[in-house]
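> Have a look at this one before I ask anything.
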Amino acid sequence: MMVTRPKLAAAAVTAVAALALTGCSGGDSDRAGTAIDATPVAATGSLEHLASEAGCEPVIQIDADELRQAACQKSPYGKFLLLTYATDRGQREWINGAKDYGGFYLLGRKWTAVGDQKVIAKLRGKLGGTTEVGADHHAGGGGESGHSAGHQG
């Protein structure tokens, strides 16, 4: 099944709303991706397997062929969303759309975790993967400064 832009947009909006509920902060902290030398190889598997690895009991929010999304309200790392995708392209399309809304993302092969900066840094130590940071809309004036810092990987 093909991933459509309306479905990707709906999932991105859901993720951003969840970020707001988890207390995402847009302060002046270091917004670059965290580089941890001892980062494990990125985990793989189903949404349930990844959630289990992160000590989370997932609450499924979206269960479609191309995208599955669950909220992890209680985990040793804090609150976050976990998404799995049917294709690598579907993941890239989703993340490209979601990053316009800000936030912190941990990416593995066909999965993404979304949470605040501290949660993502902790999860990276457990699940591996790479971090990406969305657009910084808190950098006064909203001009180019908000976008240049946020699009670094």
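Derivation of every value follows stated rules applied to the coordinates shown; laboratory data play no part. This is a predicted model, so every value here is computed, not measured.
> Rg and Dmax of region 49-104, using alpha carbons, in Å: what are they?
11.8, 30
> Now a separate question. Taking a ≥ b ≥ c as the square roots of the Cα gyration tensor eigenvalues, with a/c under 1.5 meaning rounded and otherwise prolate when a/b beats b/c, else oblate, which class fits region 84-140?
Values: a/c = 3.01, a/b = 1.18, b/c = 2.56.
Since a/c reaches 1.5 but b/c is at least a/b, the shape of region 84-140 is classed as oblate.
> Still on this structure: Tell me which lysines have Cα within less than 24 Å of Lys126's Cα, excluding those fewer than 8 residues away on the same chain?
Once the sequence-local lysines are set aside, what remains near Lys126 is Lys74, Lys79, Lys99, Lys110, Lys118.
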